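None of the figures in this text is laboratory data; all of them are computed from the coordinates on show. Remember, it's a predicted structure, so these values are computed and weren't measured experimentally. All Cβ positions, glycine included, derive from the backbone under ideal geometry; neighbour counts span all protein chains shown.
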Amino acid sequence: MPATGREVRLVARPVGEPVPSDFELAEVPVAEPEDGQIVVRNEWISVDPYMRGRMNDVKSYVPPYRLGEPMDGGAIGTVIASRSKIPEGTVVAHQGGWREYAVLDAGRARPVDTKIARPQDYLGVLGMTGLTAYVGLTEIAPVREGDVVFVSGAAGAVGSYAGQIARR
């Protein structure tokens, strides 16, 4: 177990495009896991468009980032210490976000199968963006053979996947 790890914190609300001074890279102690917890060494961290909105202190569908605290969001990593049913060496997806090491309740992590896909795919097509596109086109607005589909957000990750799913 490492004694310390780095985390990215939002320290100022950006005006317009974020700049480096809006963030801080902090070195922090890595806690030992308690019963039911794991320590994950993050290898992939997602940077998504919704995160820019969370940098503003406004009411939205997700709370804004708190100044001086690490930014959360999707991440994939390997369990390096465990006091839970998830064994060390397991690759997991979680929302612990922008830090080298995340100490989490095991229930907040989901093991992923690296035999069927690369770990980073669980932040894209096999993660929140892919699932959003899939559910949208199969459950919410089911697409049938011969339908014409217009995706207004096709430049983004969800829209890109939606266009591919609709075509198939």
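Observations
- Using just its DSSP H runs of length 4 or more, each adding -39500 (n - 2.57), the chain gives a mean residue ellipticity at 222 nm of -4000 deg cm²/dmol after division by all residues.
- Local electrostatic count, SER60, Cβ distance below 15 Å [Lys/Arg +1, Asp/Glu -1]: +2
- Taking only the Cα atoms of the chain, the ratio Rg/Rh comes out at 1.03, with Rh defined as the Kirkwood radius.
- Summed side-chain charge close to SER160 - residues other than SER160 whose Cβ falls under 15 Å, Lys, Arg +1, Asp, Glu -1: 0
- Applying 1/(1 + (r/R0)^6) with r as the Cβ-Cβ distance of ARG167 and VAL135 and R0 = 22 angstrom yields a FRET efficiency of 0.80.
- Using alpha-carbon coordinates, inclination of helix 157-167 to the longest axis of the chain, degrees: 40
- Full-extension gain in nm, ALA12 to ALA117, via 0.36 nm per residue minus C-alpha separation: 34.1 nm
- Average Cα contact separation per residue, the chain, under 8 Å, 6 or more apart, as relative contact order %: 20
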